[in-house]
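Trainee: Got a structure for you, written out below as structure tokens; questions coming shortly.
The values are calculated or read from the model by the stated rules, or taken from the named source; none is laboratory data. In this text the structure is predicted, and so the values were computed from the model without any measurement. All Cβ positions, even for glycine, are placed from backbone atoms using ideal geometry, and neighbour counts span all protein chains on display. All accessible areas refer to the heavy atoms of the entire protein, side chains included, with ligands and DNA or RNA removed. Shrake-Rupley method; radii C 1.70, N 1.55, O 1.52, S 1.80 Å.
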Amino acid sequence: MSINSVTDQPNNTSEQEAQQPAEDNTQQLETNQVNNRRIAKNAVMLYVRMFISMIVGFYTSRVVLDVLGVEDYGIYGVVGGVVAMWGFLNASMSGATSRFLTYELGRGDAKRLAETFSSALIVHMIIALIVFVLAETVGLWFLYNKLVIPEGRMTAAFWVYQLSIVSTMVGITQVPYGATIISHEKMDIYAYVEIVNVVLKLLIVYLLMIGNFDKLILYATLVFSVSMMIAMFYRYYCIRHYRETRFHWLWKKSILKPLISFSGWDLYGNGCVAVRQQGMAFLINMFFGVVYNAASSVASTVTGLIMGLVSNITLAYRPVIIKQYAQHDFGKMQTLMNNAAKVMLMLFGCMMVPCFLELPYLFSLWLVEVPPYAVVFCRLMLISTFAILVNTIVTIAIHATGNIKQLSFISGTTHLISIIVIYILYKLGLGVEMAYIVSIVSGVVILLTNVAILKMRIREFKVWPFLSAVAAALLVLVASFAVTWLLHDHMQQNFLRLVLATLVSIVVTLSLNYIFILDKSSKEFIASKIWRKSR
């Protein structure tokens, strides 16, 4: 070997090493842009689906109420609610199914993915059978002996009940198929199917108005038929496009045990949340009366709408975060979590600030008579929503690990303790708003506790970058609030002030987030989109 060949070797190696970081950075940037593009597309599709459903839902509910009448409409709601009582069994299983399917998809193990799907479908079949037995025994007894059904309408109520049972059973066994579509991030399918669903709902309204048959039975039959058609389409789509959804009968403890354990602990956590919600309503009723329950209901409607708009972001990010965990790419997982929190809080700020300031005027436009404390309750609930939204991102990451025992136990128990605290405060004579103040405190406690749990589960998770991103988003929200409040304070209450406050809040929130919060790849993605649209 010559001297030149020996001395040349280190130089080539050095050049390669020097080029490697640049190549890695380019590849990382491209990957981030692809993720951002896919997540943005999925979020848009979910928003399209939600807006279409919401607008048509407002119209059809008004027409159906008018055609059926108050009594029949009430029968349909209360009879369907008897079956829905058993839905808590399904709620926890759906979260478990989505997590395990997404995890196996991220691992790339096709055989394990197919086995997980078939196992999940078997479990949902068992749940559907349990619901059927309970509904046809306990539920049927409840229908005939406890519900107050107007004279002459029990036959119609019976058929509504039976159709509700079958529809619920189909919905339960539908969960693995829906989870598969979400795991594959095909959110556009949901939007397209929702358009079809909307057309069919409008057709239901038309047939209901021209039909001569018993209106209640006709409405229940039409709704059942539409739900069956949508369910069958989803199944057909999944079986045709995803091999893992071709069912095979198998019973593998290695798959079923973690699946059932996950759903069991999730059931405890969800159950505690339900107890806290109903318990708080009961305590408000017991100490202050039904008028304040009405105020709470109104406040919940507003905050629920805002949370529904914002939480679509988490649905778009969820499968991507879980897949990165399955691939042990904790760096990308952290980036996705940070970006999810930033984008979600940015959207929340755009809606929360004008809503918070203009609540009295919004309520006066919406309601004939605004219940006392409705504005106070709603503002406190909006504040508590901040921690709840951040916690959803942390919860996704903990769910990705498959170990949610500590998460569910600590969070669920904290919710139960908050009910005890509220009761004590009310006994001491404190005001009705204390229930919502306690909810804010417990929400922050649960968030910080879950961050600590996530750090224990995933050592690679960096707490400070995540919390600093959240803190920065909070500062932007405060700054946007301050600027919008100046406008709010110098104008009289009217529709023009509402419009201007909304525009100022959106412009300030988006501008500050773009300048100070979003990372380089997100800025480049947004800039490229704007450039393409403007050409």
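Trainee: What is the number of the single condition among (1) within 30 Å of Gln324 (Cβ to Cβ); (2) among the hydroxyl-bearing types (Ser, Thr, Tyr); (3) touching a helix residue (DSSP H, G or I) at 6+ places or on another chain (Cβ under 6 Å) that Ser227 does not meet?
Mentor: Every condition holds for Ser227 apart from (1).
Trainee: Can you confirm whether the stretch 364-386 contains a residue that is among the small types (Gly, Ala, Ser) and under 16 Å from Leu447 (Cβ atoms)?
Mentor: For the stretch 364-386, residues among the small types (Gly, Ala, Ser) and under 16 Å from Leu447 (Cβ atoms): present.
Trainee: Could you figure out which of (1) over 28 Å from Leu105 (Cβ atoms); (2) at pLDDT 85 or above; (3) of a type outside the set (Ser, Thr, Tyr) isn't true of Leu216?
Mentor: (2)
Trainee: Also: Can you name the number of the only condition in (1) free of Cβ contacts under 8 Å to residues at least 12 places away in the same chain; (2) surrounded by 14 or more Cβ atoms within 10 Å (Cβ to Cβ); (3) farther than 27 Å from Thr395 by Cα that Gly289 fails?
Mentor: Failing condition for Gly289: (2).
Trainee: Here's a follow-up. Output yes when any residue across the stretch 374-381 is open to solvent by 50 Å² or more (accessible area, probe 1.4 Å), without any contact (Cβ under 8 Å) to a residue 12 or more places away in the chain and among the β-branched types (Val, Ile, Thr), and no when none is.
Mentor: Taking every residue of the stretch 374-381 in turn, none turns out to be open to solvent by 50 Å² or more (accessible area, probe 1.4 Å), without any contact (Cβ under 8 Å) to a residue 12 or more places away in the chain and among the β-branched types (Val, Ile, Thr).
Trainee: May I ask you to list pairs of residues, at least six apart or on different chains, whose Cβ atoms are under 6 Å apart, with the first in the stretch 346-368 being farther than 13 Å from Leu498 by Cα and the second being acidic (Asp, Glu)?
Mentor: none
Trainee: Can you name every residue in the stretch 189-231 that is open to solvent by 70 Å² or more (accessible area, probe 1.4 Å) and either at positive phi or under 24 Å from the mean Cα position of the chain (by Cα) (or both)?
Mentor: Tyr192, Ile195, Val196, Lys201
Trainee: Taking the stretch 464-494 on its own, how many of its residues are without any contact (Cβ under 8 Å) to a residue 60 or more places away in the chain, surrounded by 12 or more Cβ atoms within 10 Å (Cβ to Cβ) and either closer than 15 Å to Gln334 by Cα or touching a Lys or Arg at 6+ places or on another chain (Cβ under 7 Å) (or both)?
Mentor: Number of matching residues: 3.
Trainee: Hey, could you check the stretch 241-254 for residues that are at pLDDT below 80 and closer than 17 Å to Ile127 by Cα and say which is surrounded by the most Cβ atoms within 10 Å (Cβ to Cβ)?
Mentor: Out of the qualifying residues, it is Leu250.
Trainee: Suppose we keep only residues that are open to solvent by 10 Å² or more (accessible area, probe 1.4 Å) and closer than 17 Å to Thr392 by Cβ within the stretch 325-335. Which one would you say is modelled with the lowest pLDDT?
Mentor: Ranking the candidates gives Tyr325 first.
Condition check ((1) among the basic types (Lys, Arg); (2) buried (at least 18 other Cβ atoms within 10 Å of the Cβ); (3) more than 32 Å from the chain's Cα centre (by Cα)) across all residues:
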| position | (1), (2), (3) |
| --- | --- |
| Thr116 | no, yes, no |
| Val138 | no, no, no |
| Asn145 | no, no, yes |
| Ser164 | no, yes, no |
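Here's the yes/no breakdown for (1) in contact with a Cys (Cβ under 9 Å, 6 or more places away or on another chain); (2) at pLDDT 90 or above; (3) open to solvent by 90 Å² or more (accessible area, probe 1.4 Å); (4) among the aliphatic types (A, V, I, L, M):
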{"site": "Leu500", "(1), (2), (3), (4)": "no, yes, no, yes"}
{"site": "Ile517", "(1), (2), (3), (4)": "no, no, no, yes"}
{"site": "Ser522", "(1), (2), (3), (4)": "no, no, no, no"}
{"site": "Phe525", "(1), (2), (3), (4)": "no, no, no, no"}
{"site": "Lys529", "(1), (2), (3), (4)": "no, no, no, no"}
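Trainee: Now for a different question. Output the residue which, of all residues in the stretch 422-453 that are open to solvent by less than 60 Å² (accessible area, probe 1.4 Å) and among the β-branched types (Val, Ile, Thr), is nearest to Gly289 (Cα to Cα). First the steps, then the outcome.
Mentor: So in the stretch 422-453, the residues open to solvent by less than 60 Å² (accessible area, probe 1.4 Å) come out as 422, 425-426, 431-436, 438-440, 442-443, 446-447, 449-453.
Now narrow it down to the ones that are among the β-branched types (Val, Ile, Thr): 422, 432, 438, 440, 446, 449, 451, 453.
Details: Ile422: 16, Val432: 10, Val438: 19, Ile440: 23, Ile446: 29, Thr449: 34, Val451: 38, Ile453: 39 Å.
Residue satisfying both the conditions and the ranking: Val432.
Trainee: While we're here: Can you tell which of Gly304, Gly279, Gly269 is small (Gly, Ala, Ser) and surrounded by fewer than 18 Cβ atoms within 10 Å (Cβ to Cβ)?
Mentor: Gly304
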